[in-house]
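S.K.: Sharing a structure, written as structure tokens. Questions coming.
The values are calculated or read from the model by the stated rules, or taken from the named source; none is laboratory data. Predicted, not measured: the structure shown is a model, and the values here were computed from it. FYI the Cβ positions are ideal-geometry reconstructions off the backbone, even for glycines, and counts take in every protein chain you see. Please note that ligands, DNA and RNA were not included when accessible areas were found on the heavy atoms of the full protein model with its side chains. Shrake-Rupley method; radii C 1.70, N 1.55, O 1.52, S 1.80 Å.
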Amino acid sequence: MAYDNLDIKVRKGVLILTINREKALNALNQKTIEELTHFFSVSAPRRKKIKGIVLTGAGEKAFVAGADIKEFLTVKEGEGSDFAQRGQDVFFMIENFPKPVIAAVNGFALGGGCELAMACHMRIAGAQARFGQPEVNLGIIPGYGGTQRLVQLIGKGKAMELILTGDMIGAEEAHRLGLANHVVPVGEEVAKAREIIEKIATKGPVAVSQAIKCVNAYYDKLVDGFAYEVKLFGTTTDTADFREGATAFVERRPAEFKGE
Ligand code: DAK
């Protein structure tokens, strides 16, 4: 499927997914949500050889400046929850993707943009990045998981402050709070994200995918994370990759994992 609002490039096995609505600061309209849903449910799982995904925004000003405010006005009474559910569904797909998905935050990450970045496994902030959940300025609350994932990442007190005031924070503050994993000079966000994906690609692929599931399980109120870890640990010890990793250690050579 050809996408109007997503740009896809694969460089040395790393897929760069760019939200491409620069004139609207990459705001997430419903078409973009539909395209992201198709990408993460159909296209990305078929690309077995990719090492991971870097998610970024077109241009130098914004990662994603939120859900598309102009489009909100077309939402009819009673439809809001359906819109939120569609967004949350695709953000869960990102969060549970079996290979690393890293947000390269190259500017404003506001509202749905901050929520999109938080659904990724890690966030690299350019020095000019600005994060915030300004929904209350519009008389709404975050609808794409922001009230949950911001608490998970930075704790209740600060999350409450940002969500209730709508204040924006810069890259250094986001880093200090644990919202951004790294801060890099402007223009180096994608390169840093690629570097981390390249490092993860040298590890056991089954282990990486199972580790993602276990970390996410911590936040699943219906799952006993410790029991789940025991179960998935067992799936990793039954792999050829584990035998290869342990043998390579003993033989003092780099492991050659096959993802089996
Ligand atoms: N939506 C649509 N267009 C946007 C936009 C957005 N979120 N943000 C910026 N733009 C557009 C501007 O309208 C402008 O377009 P033109 O007027 O030139 O056609 C263009 O991008 C450039 O923006 P500015 O001229 O405003 O640029 P500045 O440098 O002056 O300001 C800014 C940059 C990021 C501070 C400012 O654009 C801004 O405050 N943007 C809005 C930030 C924001 O409030 N974002 C929305 C957060 S609320 C829902 C589910 C989820 C959500 C909502 C509903 N349902 C289930 C219904 C989530 C909501 C949010 O994300």
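S.K.: Give, rounded to the nearest 20 debye, the magnitude of the charge dipole that the chain has about its Cα centre when Lys and Arg contribute +1 at Cβ and Asp and Glu contribute -1 at Cβ.
M.R.: 800
S.K.: Length gain on complete extension for the stretch I141 to T247, per 0.36 nm per residue less the alpha carbon to alpha carbon distance?
M.R.: 32.9 nm
S.K.: Report the Rg/Rh value for the range 3-147, based on alpha-carbon coordinates and the Kirkwood definition of Rh.
M.R.: Checking Rg against Rh, the ratio lands at 0.95.
S.K.: Using only Cα atoms, what Kirkwood radius does the range 180-252 have, in angstroms? Working shown, then result.
M.R.: Details: mean 1/r = 0.0686 Å⁻¹.
With all distinct Cα pairs of the range 180-252 included, I get 14.6 Å.
S.K.: Then there is this: Could you do me a favour and compute the accessible area per residue for the chain, 1.4 Å probe, result in Å²?
M.R.: Details: 13820 Å² over 260 residues.
Accessible area per residue: 53 Å².
S.K.: Just round it to a whole percent: the fraction of Cα-Cα distances in the range 1-65 exceeding 14 Å.
M.R.: Roughly 55 percent, once rounded to a whole number.
S.K.: Need the list of aspartates and glutamates near K48 for cross-linking: C-alpha distance under 20 angstrom, and skip anything on the same chain fewer than eight residues off.
M.R.: Once the sequence-local aspartates and glutamates are set aside, what remains near K48 is D7, E35, E95, E195, E198, D241, E256, E260.
S.K.: Report the chymotrypsin sites (Phe, Trp or Tyr not before Pro) located in the range 181-260 that are in a DSSP loop and have at most 16 other Cβ atoms inside 10 Å of their Cβ, or state none.
M.R.: Y218, Y219
S.K.: Going by a ≥ b ≥ c, the root eigenvalues of the Cα gyration tensor, does the range 61-133 fall in the rounded group (a/c under 1.5), the prolate group (a/b larger than b/c) or the oblate group?
M.R.: It is oblate, given that a/c is not under 1.5 and a/b is not larger than b/c.
S.K.: Using a 1.4 Å probe over the heavy atoms of the protein chains, calculate the carbon and sulfur portion of the accessible area of the chain as a whole percent.
M.R.: Answer for the chain is 57 percent, counting heavy atoms of protein chains only.
S.K.: For D224 and K156, what does the FRET efficiency come to when R0 = 22 Å and r is the distance between their Cβ atoms, rounded to the nearest 0.05? Walk me through the numbers before you get to the answer.
M.R.: Numbers: r = 23 Å, r/R0 = 1.03.
Plugging the Cβ-Cβ distance into 1/(1 + (r/R0)^6) gives 0.45.
S.K.: For the chain, state the average projected area of the convex hull of the C-alpha atoms over all orientations, rounded to one decimal in nm².
M.R.: 14.8
S.K.: Pairs to check: K49/K192; K31/K203; K31/K213; K31/K99; K49/K158; K70/K158. Give those whose C-alpha atoms are more than 32 Å from each other in this structure.
M.R.: Long pairs (Cα-Cα over 32 Å): K31/K203; K49/K158.
S.K.: Past 32 Å, Cα to Cα: identify those pairs from K12/K156; K61/K199; K156/K258, in the order given.
M.R.: Details: K12/K156 40 Å; K61/K199 28 Å; K156/K258 41 Å.
Pairs exceeding the cut-off: K12/K156; K156/K258.
S.K.: Right, something else. For the range 101-230, what log10 I(q)/I(0) values come out of the Debye formula at q = 0.13, 0.18 1/Å, with one point per alpha carbon and no solvent?
M.R.: -0.58, -1.00
S.K.: May I ask for the distance between the Cα centers of the range 130-158 and the range 212-245, given as a whole number of Å?
M.R.: Answer, in whole Å: 29.
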